[in-house]
Each structure stands twice: as structure tokens, then as C-alpha cells.
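The values are calculated or read from the model by the stated rules, or taken from the named source; none is laboratory data. Owing to the predicted nature of the structure, the values given are computational and were not obtained by experimental measurement. Neighbour counts run over all protein chains shown; Cβ positions are idealised from the backbone, glycine included. Each accessible area value is taken on the protein alone, full model and side chains, heavy atoms only, with ligands, DNA and RNA left out. Shrake-Rupley method; radii C 1.70, N 1.55, O 1.52, S 1.80 Å.
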Amino acid sequence: MRAAEAAALPLDLSINGLVMHDPAGRVLLDVADLSVRAGKSLGICGPSGAGKSTLLHALSGLRRATSGQILWGEHDVQAMTPSQSAAFRARYTGMIFQDFLLFDELSALDNAGLGAWFRPRGERAKPRSKAGAILRDLSVPQTARSVASFSGGERQRVGVARALASDALILLADEPTASLHRAAAEKLGDDLVALSRSGGATLITVSHDEALLARMDRVIRLENGKIVAGDAHV
Amino acid sequence: MFDLWARVPNLAQDALVACALFLPLGLIATALWRGFAPLPLVRAMLRRFWGTNLVFVVLIAVSVAMGIALIAQERALRAGMAQAADKFDLVIGAPGSQLSLLLASVFLQPSDVALVSGALYDEVAKAQNVDIAAPLAFGDSFEGAPVVGTIADFLTYLSDDRIEGRVFGAETEAVIGALVPLEIGAEFSPAHGSVALEEDSHAHAGVHFEVVGQMARTGTPWDHAILVPIEAVWEVHGLANGHAPAAAHDDHETHAHAQDEDHAARAPAAHPIGPPFDPAYFPGTPAIVVHTSELWANYALKSQFSRDGEAMGFFPGTVLAQLYGVMGDLRQAMSVMSLVSQGLVAAAVLSGLFILMRLFRRQVAMLRALGAPNRFVVAVIWTYATSLLLAGTVAGVILGAGAAQVLSLVVTARTDVVVTATLGWSEVHLALGFLCGVSLLALLPAWGVLRRPVAEGLRA
Ligand SMILES: Nc1ncnc2c1ncn2[C@@H]1O[C@H](COP(=O)(O)OP(=O)(O)OP(=O)(O)O)[C@@H](O)[C@H]1O
Ligand SMILES: [Mg+2]
């Protein structure tokens with residue numbers, strides 16, 4: 001499969017027989033079958049230590065499974081070399097973290113357009129202007145001051161803008177609203193779902209936030225690495 | 001290959017070495033930066049822990065400065081000493097310590113040296129190719145300035161004829177070094193002893209000198225000396241004055257100095273001064289400074305006047321070189337020490353970088369989670385480390401040059417040997433070598449960061 005053709009195909013997620021162990025041999029994750037069609041959203045909930053973050057990392061190729069397959073369209077992220085997997089993430093995925101993980105010394109635009117700096121000179125303008133546009137959509141203050149002075153809600157919206165700036169088709173969010181108070185969490189949930197829908201991105205969100213989960217097309221519950229509730233197919 | 005290298009001019013060689021030391025830096029930067037824009041993140045990292053970063057820069061700067069100041073100062077000191085001995089091609093004295101004689105004659109350090117006889121002086125003065133055979137007489141001082149008895153020709157030679165006023169023409173006249181705090185026309189009485197306040201020092205009552213000239217700056221201890229006719233020193237100490245009493249006035253008429261109108265008009269007590277001296281009335285001199293018309297003649301004279309029990313001829317330049325040779329080990333030890341200290345600082349900086357990398361771990365993991373290629377991550381970390389190194393090295397070179405300058409002033413003030421430390425290529429090479437070496441090592445922490453799993457970094 002050539003890259004151009006692969007890019008053209010929708011990035012449906014399908015997981016087959018995914019098993020993951022910790023170094024001691026304990027099973028961290030055991031997902032026999034899970035699929036999400038491109039553009040849909042999936043919520044993952046479950047108790048602490050259930051393996052939610054682990055699953056998210058496996059989905060982006062950051063962690064290696066013991067066995068099984070994770071396919072995004074035709075891309076088998078578990079079969080990639082580290083540099084292929086980095087290129088895949090740069091091209092297709094955006095990540096949102098619970099504690100935002102911004103560079104405090106940089107402005108909102110620099111943080112959101114971060115990905116441009118590891119692209120060739122000619123390809124930098126587009127993600128940066130896209131980052132600016134998303135920041136505007138999310139009504140993040142357009143100032144040169146560093147994000148250190150931003151509120152939690154503003155910071156997480158910068159994080160969302162960073163995830164979306166490179167036209168990501170896969171959005172992976174790990175507790176995106178956990179550090180925010182109720183109102184900010186509500187607003188962020190709305191923005192996140194709206195932006196991923198309008199961009200046609202697949203959104204996978206790990207969360208305890210009932211309001212956020214309610215906005216997803218579907219929610220699964222993970223316990224001890226296994227899906228214990230919810231529809232495995234959307 | 002070596003032949004070819006030897007034919008490249010010195011400046012070009014030094015510049016080439018400097019470029020070669022810079023080359024790895026340029027190559028790494030080019031390779032790492034191609035297609036990326038790491039600088040905004042580097043700036044962010046520099047601002048993040050600016051206090052720690054500043055400590056790094058100061059640490060590097062001080063260690064580089066120490067190395068540079070030591071090298072520059074040591075070279076300047078050697079150059080200053082050589083310059084001070086420049087006019088002293090050949091010195092002939094009584095057998096004994098060459099070093100003592102060198103200190104006494106070139107550096108005007110009081111030391112106990114034996115005298116050579118008038119007969120020997122006469123032989124030296126009459127030897128072939130000898131232009132100037134200057135006897136020296138020490139022992140008196142005026143307000144801390146040594147009063148040295150010698151002959152007029154030596155003054156002209158020592159100062160390259162840059163004398164304001166004129167050379168002395170009579171026994172009561174004196175010429176001062178550039179830094180003696182007297183003026184032309186001033187009168188003074190020297191005291192016996194090298195320091196005016198010494199217990200056994202006493203003024204030579206009734207002996208007065210008039211300053212008739214001042215030599216231009218020579219950058220040697222002689223800038224602080226007062227030069228008088230050697231006859232005056234001898235007479236003050238109750239010795240013969242080098243000339244036969246009966247012939248005194250005849251000599252006066254025929255002697256070259258008689259041309260000096262001023263001299264002719266002086267008091268009747270005035271003696272003829274300067275060579276030739278009568279060996280029978282020559283009280284002896286601790287050192288004869290010889291200047292020859294031909295360079296090669298120095299060697300012949302040196303062997304001619306190196307006689308057991310009678311005379312010792314030596315080249316002050318050679319003695320200094322031997323001294324450096326002996327001190328060479330010390331110098332080597334010093335450079336090893338400065339290299340070791342720089343190595344230790346490099347190690348400290350590296351381990352500091354490893355620790356800083358732990359603080360940046362989540363940020364780096366985030367970059368990699370976003371899909372930043374390894375080369376970009378390395379570019380950011382390496383550029384960050386190298387900026388600290390570069391800033392520290394540049395600051396160190398400036399600081400080192402300043403420190404060497406201050407050291408030079410101190411050494412000049414204490415020895416009267418003018419020492420001027422300037423930045424040379426060896427210092428530049430040292431600094432660049434340090435920069436190049438440590439920045440290569442700075443790839444290690446960057447590489448270390450890549451070895452850590454991203455997922456682990458994200459949860460840290
Ligand atoms: N490298 C590892 N070695 C051993 N155990 C691991 C490793 N990584 C994760 N685990 C374990 O795997 C389990 C799942 O971790 P994970 O972070 O996925 O939980 P989670 O569902 O995200 O929990 P939380 O809601 O608290 O974030 C935990 O028990 C954790 O201790
Ligand atoms: Mg988690």
C-alpha cells in the first residue's frame with residue numbers, strides 16, 4: 001500500500017486481539033476486538049489503574065503490545081519502527097493531556113503551532129496559521145505573553161489547538177477536563193467535540209467526566225485491562 | 001604532508017587549527033538543524049531554568065578564564081623577561097652563579113657577586129669587535145631607586161639613544177630612568193645601600209648629583225634606575241676612580257667627552273670620565289656588559305672570557321631559556337592542572353545537563369508524543385547545551401583576557417619588567433578545544449533522553 005493511497009483512505013480504527021503485559025508478566029490490557037469508524041467519537045471510562053492511558057499510548061504507537069494488531073485504516077501502528085511511528089503521530093494524531101503540558105515560556109500561538117518547528121521550512125506556515133485560526137475559534141486571548149499567565153481553561157484550549165493545528169485525523173485525549181472547574185470543563189468539552197466533528201477527526205477520550213462522556217458517540221468501560229461495558233463497535 | 005604543513009604561514013596555521021576546532025560544531029549544527037527550527041524551544045529552555053543556566057555559564061566561564069589567563073600570563077612573562085635581557089647580549093663577570101649575575105645586571109636585584117679586575121676589563125674592552133664594554137657598579141640608591149655607575153656609551157645603547165636632555169658628561173651628573181620621580185635639573189644625594197631606610201644605609205654626605213638627562217621607557221627594571229658615571233660611585237666609596245691621578249687632566253683634554261662644552265666649563269674638581277680606564281686604578285666591577293659589532297663575535301668572546309678562577313662570560317638570554325627549561329615542568333604541570341580543572345568543569349556541566357534533562361523529561365516526552373523526530377529532539381537539547389557552553393566560553397575568554405591584564409599590571413608593578421598579556425592563538429585554541437570537546441559530549445544527554453520510553457516520560 002503506497003502512502004498516498006493510505007492517506008486517502010478513511011482512518012477507521014480496528015483492534016484485534018490486543019494483549020499487553022507489564023515487565024513482570026501481569027496483563028495490563030486485553031482487548032480482543034474494538035473498532036471505531038473514522039470521524040466518530042469514543043469515550044473510555046473506568047477505575048484508576050484499569051489501563052486507559054496504556055490503551056491510549058498503544059493507539060498512538062507510544063507503547064508496544066505483547067501481541068495483537070492496532071490498525072488505523074491501513075496503518076498498523078504496532079508494526080512500525082519508532083521513527084515511522086513518530087512520523088505517523090506527526091501526520092495523523094493530536095494529543096491532549098490532563099495537565100496541558102505546554103511550554104510555559106512560549107506564547108499561545110507558539111505552543112499551538114509547535115509542530116511547525118519540526119517540519120521543513122516550506123511547510124511551516126500552514127500549521128501556524130491553522131493554529132492561529134483555532135485559537136481564535138476557541139477565543140483564546142491573542143497576545144504575545146507567555147501561557148504561564150493563562151487560566152486553566154485557556155491553557156487547555158491552547159492544548160486542543162496544538163492537537164488540531166496539524167490537521168490531525170485522530171485526537172487522543174487523556175482526562176482533558178480533569179484539571180478544570182465545572183464551567184471551563186463544559187466549555188472545553190463542547191469545543192473539543194465540535195472541532196473534531198468539523199475537522200472529521202476521530203476522537204478518543206479517556207475521562208471520568210460524565211458530562212464529557214455524554215457528548216461521545218459511544219462509551220466503553222475498562223476494568224483490569226478488559227472492556228466490561230459498552231458497545232465495542234461504532 | 002608535514003613539509004606542506006610547515007610551509008603554511010604561521011597565522012594561516014593558527015587560523016586553520018581554530019577552524020578545524022570549530023568545524024565539528026558547525027557540522028553537528030548543520031546536520032541537526034537541517035529542515036528544523038529548534039531555536040524557539042531552545043530559548044524557552046534557556047528561560048525555564050535561567051538561574052541554573054547562569055550558574056552553568058559562570059562555572060564554564062571561570063574555568064576557561066583560568067586556563068586562558070595562566071597561558072597568556074606565562075607567555076607574557078617570558079616575553080617581558082626576554083625583552084628585559086634584550087640589550088644584554090653578553091655579560092662577563094667573576095666566576096660564580098650566572099643567575100646571581102643575571103639578576104644583578106639585567107634585573108638590578110641586589111645580590112652578592114664578586115668583582116673582576118681592571119686587567120680583565122682592559123682585555124675585554126680592547127678585544128676585537130667589542131663596541132661597548134660597560135662596567136657596572138651597584139650599591140647606592142636614592143629613595144629606593146638604585147644608583148648604578150656605568151659609562152655614557154652604555155646609556156646611549158640601553159635607551160637606543162632616546163634620551164631627553166643629554167648623557168652625563170661629568171662625575172656629578174646623572175641620567176635617570178623613565179620612571180624615576182625626579183626631573184631634569186634636580187639635585188640629589190644618594191644613600192649607601194639599596195634601600196634608603198635600611199639600617200646601615202646612610203647618606204653620602206656632600207655628594208650631589210645633578211640630573212642632566214632622562215632615558216625613554218625601556219620596559220625594564222632600568223626604568224627605575226639612576227645612572228651616574230662609574231667613577232663617581234667608586235670615589236664615593238673611597239676607591240680609585242679608574243684613571244691615573246697624574247694623567248687626569250691630559251686625558252681630560254683629549255677625551256671624547258671634552259667635546260662637551262658644558263663639561264669643559266665645570267668645576268676644577270671634575271675628572272675625566274669614561275673609558276679608557278687605567279687597569280692599575282680600576283677598583284673592579286661585578287659585571288661587564290658587552291655589546292659587539294658582530295653577532296658571531298659574542299660566541300668567540302664568551303669562550304675567550306670563560307676562564308677558571310678568573311672570569312665567566314654568559315648570555316643572559318641563554319640563562320633565561322635554561323630557567324624556562326627548568327620551569328617548563330612547572331608550566332606543564334600548570335597546563336595539566338588547568339586542563340584537569342576544565343575537564344572537571346566539563347564533567348560537572350555534563351552531569352548537570354543530565355539532571356536538567358530529567359526536569360525537561362515531560363516536555364521532551366510530549367514533543368515525541370506529538371511526533372517530533374529524534375533528530376529534532378536532539379537538535380533542541382544539543383543546541384541548548386551548546387548555547388550554554390558557547391556563552392560560557394566567550395565570557396571565559398573575555399574574563400581570562402581581563403584577568404591576564406590585571407595579572408600583568410601586578411607583575412609589572414612588582415618586577416619593573418613590563419609584562420603585557422595579550423590574547424594569543426594558543427588561548428583561542430584552548431577555548432575552542434574546550435567548546436568543541438564538551439559540545440560533542442553534549443550529544444550524550446540528548447541521546448540519553450531518546451533512550452527513555454515516551455510513555456514513561458508522559459506519566460512522570
Ligand atoms: N511500565 C509499566 N510497568 C508496570 N506496570 C505498569 C507499567 N505501565 C503501566 N503499568 C500499570 O498498568 C496499569 C494501568 O495503568 P494506566 O496508567 O493505563 O491506568 P489508567 O487507567 O490510566 O489509570 P488512571 O485513571 O489512574 O490514570 C496500572 O496498574 C499501572 O501501574
Ligand atoms: Mg491514566
Study note, to complete from the structure: Taking first residues from region A:7-35 that are more than 15 Å from A:ILE204 (Cβ to Cβ) and second residues anywhere that are within 12 Å of ligand 1 (Cβ to nearest atom) and not in a strand (DSSP E or B), the pairs with Cβ under 6 Å that are 6 or more apart or on different chains are A:VAL27/A:GLY225; A:LEU28/A:ASP22; A:LEU28/A:GLY51; A:LEU28/A:THR54; A:LEU28/A:GLY225; A:ASP30/A:GLY225
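For region A:35-65, enumerate the residues that are more than 10 Å from ligand 1 (Cβ to nearest atom), under 17 Å from the mean Cα position of the chain (by Cα) and buried (at least 17 other Cβ atoms within 10 Å of the Cβ). Steps first, answer last, please.
We begin by selecting, within region A:35-65, every residue more than 10 Å from ligand 1 (Cβ to nearest atom); these are A:35-43, A:59-62, A:64-65.
In the following step, the residues that additionally are under 17 Å from the mean Cα position of the chain (by Cα) were identified as A:35-43, A:59-62.
A:VAL36, A:GLY39, A:LYS40, A:SER41, A:LEU42, A:GLY43, A:LEU59, A:SER60, A:GLY61, A:LEU62 - these are the residues of region A:35-65 that are more than 10 Å from ligand 1 (Cβ to nearest atom), under 17 Å from the mean Cα position of the chain (by Cα) and buried (at least 17 other Cβ atoms within 10 Å of the Cβ).
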Exercise for review: Test each condition in (1) surrounded by 24 or more Cβ atoms within 10 Å (Cβ to Cβ); (2) more than 28 Å from the chain's Cα centre (by Cα); (3) away from chain A (no Cβ under 14 Å) for B:LEU390 and report the one that comes out false.
Suggested key: (1)
Check your understanding: Between a first residue in region A:169-181 that is under 12 Å from A:HIS208 (Cα atoms) and among the polar types (S, T, N, Q) and a second residue that is within 14 Å of ligand 2 (Cβ to nearest atom) and assigned to a loop (DSSP other than H, G, I, E, B), which pairs have beta carbons less than 8 Å apart while being 6 or more apart in sequence or on different chains?
Key -> A:THR177/A:SER207; A:THR177/A:ASP209; A:SER179/A:GLN98; A:SER179/A:ASP99
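Quick one: how many residues across region A:198-217 are part of a strand (DSSP E or B), away from every other protein chain (no Cβ under 14 Å) and either more than 16 Å from the chain's Cα centre (by Cα) or within 16 Å of ligand 2 (Cβ to nearest atom) (or both)?
In the first step, residues of region A:198-217 are kept if they are part of a strand (DSSP E or B); the result is A:202-206.
After this cut, where a residue has to be away from every other protein chain (no Cβ under 14 Å) as well, the list is A:202-205.
Within this subset, residues satisfying the condition of being either more than 16 Å from the chain's Cα centre (by Cα) or within 16 Å of ligand 2 (Cβ to nearest atom) (or both) are A:204-205.
The total comes to 2.
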**Study point:** A:ASP167 vs. criteria more than 11 Å from chain B (Cβ to nearest Cβ), farther than 23 Å from A:LYS52 by Cα, in a loop (DSSP other than H, G, I, E, B) and charged (D, E, K, R)
**Key:** yes
Exercise for review: Could you tell me whether region A:56-63 includes any residue that is more than 14 Å from ligand 2 (Cβ to nearest atom), assigned to a loop (DSSP other than H, G, I, E, B) and in contact with a Pro (Cβ under 8 Å, 6 or more places away or on another chain)?
Suggested key: no
Revision key, fill the gap. Those residues of region B:437-455 that are surrounded by 20 or more Cβ atoms within 10 Å (Cβ to Cβ) and away from ligand 2 (no atom under 16 Å from the Cβ) come to a total of 6
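Only one of A:ALA79, A:ALA116 is open to solvent by 40 Å² or more (accessible area, probe 1.4 Å) and either more than 16 Å from ligand 2 (Cβ to nearest atom) or over 16 Å from A:LEU34 (Cβ atoms) (or both). Can you tell me which? Reasoning before the result, please.
On the way: A:ALA116 fails: open to solvent by 40 Å² or more (accessible area, probe 1.4 Å).
Result of the check over A:ALA79, A:ALA116: A:ALA79.
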Exercise for review: Could you look through region A:166-217, keep only residues that are within 16 Å of ligand 1 (Cβ to nearest atom) and out of contact with any Ser or Thr (no Cβ under 8 Å at 6 or more places or on another chain), and pick out the one that is most open to solvent (accessible area, probe 1.4 Å)?
Suggested key: A:GLU210
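Go through region B:5-45 residue by residue and tally those that are in contact with a Ser or Thr (Cβ under 8 Å, 6 or more places away or on another chain) and open to solvent by 30 Å² or more (accessible area, probe 1.4 Å).
Going residue by residue through region B:5-45, those that are in contact with a Ser or Thr (Cβ under 8 Å, 6 or more places away or on another chain) are B:24-25, B:28-29, B:32-33, B:38-39, B:42.
Those still in the list that are open to solvent by 30 Å² or more (accessible area, probe 1.4 Å) too: B:24, B:33, B:39.
The qualifying residues number 3.
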Review point. Quick one: how many residues across region A:17-42 are away from chain B (no Cβ under 14 Å) and within 14 Å of ligand 2 (Cβ to nearest atom)?
Key: 0
**Study point:** Count of residues meeting criterion [within 16 Å of ligand 1 (Cβ to nearest atom) and buried (at least 18 other Cβ atoms within 10 Å of the Cβ)] in region A:82-99
**Key:** 4
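For B:LEU458, indicate whether it is within 14 Å of chain A (Cβ to nearest Cβ) and either touching a residue at least 24 places away in the same chain (Cβ under 8 Å) or surrounded by 20 or more Cβ atoms within 10 Å (Cβ to Cβ) (or both).
Working: within 14 Å of chain A (Cβ to nearest Cβ): yes; either touching a residue at least 24 places away in the same chain (Cβ under 8 Å) or surrounded by 20 or more Cβ atoms within 10 Å (Cβ to Cβ) (or both): yes.
Considered against the rule, which asks whether it is within 14 Å of chain A (Cβ to nearest Cβ) and either touching a residue at least 24 places away in the same chain (Cβ under 8 Å) or surrounded by 20 or more Cβ atoms within 10 Å (Cβ to Cβ) (or both), B:LEU458 comes out as yes.
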Exercise for review: Please specify each residue of region B:39-54 satisfying the condition of being touching a residue at least 60 places away in the same chain (Cβ under 8 Å) and more than 7 Å from every other protein chain (Cβ to nearest Cβ).
Suggested key: B:LEU39, B:VAL42, B:MET45, B:LEU46, B:PHE49, B:THR52, B:ASN53
Practice item. Determine, yes or no, whether B:TRP382 is closer than 28 Å to B:ALA20 by Cβ, surrounded by fewer than 20 Cβ atoms within 10 Å (Cβ to Cβ) and either more than 16 Å from ligand 2 (Cβ to nearest atom) or at pLDDT 95 or above (or both). Key: no
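When you look at B:PRO110, is it at pLDDT below 90 and outside the structural domain of B:THR422 (by TED's automatic domain parsing), yes or no?
Numbers: at pLDDT below 90: yes; outside the structural domain of B:THR422 (by TED's automatic domain parsing): yes.
So B:PRO110 passes the test.
Determine whether region B:15-35 contains at least one residue that is within 14 Å of chain A (Cβ to nearest Cβ) and part of a helix (DSSP H, G or I).
First pass over region B:15-35, keeping only residues within 14 Å of chain A (Cβ to nearest Cβ): B:32-35.
Now restrict to residues that are part of a helix (DSSP H, G or I): B:32-33.
Yes, some residue in region B:15-35 is within 14 Å of chain A (Cβ to nearest Cβ) and part of a helix (DSSP H, G or I).
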Study note, to complete from the structure: A:ARG64: passes all of (1) touching a Gly at 6+ places or on another chain (Cβ under 9 Å); (2) within 14 Å of chain B (Cβ to nearest Cβ) but (1)
Check your understanding: What number of residues in region A:218-234 are open to solvent by less than 70 Å² (accessible area, probe 1.4 Å), assigned to a loop (DSSP other than H, G, I, E, B) and within 16 Å of ligand 1 (Cβ to nearest atom)?
Key -> 2
Exercise for review: Go through region A:82-152 and tell me which helices (runs of 4 or more DSSP H), entirely inside it, have 3 or more residues that are within 10 Å of another protein chain (Cβ to nearest Cβ).
Suggested key: A:82-92
Check your understanding: Looking at (1) more than 21 Å from B:LEU432 (Cα to Cα); (2) open to solvent by 30 Å² or more (accessible area, probe 1.4 Å), can you tell me which one B:GLY343 breaks?
Key -> (1)
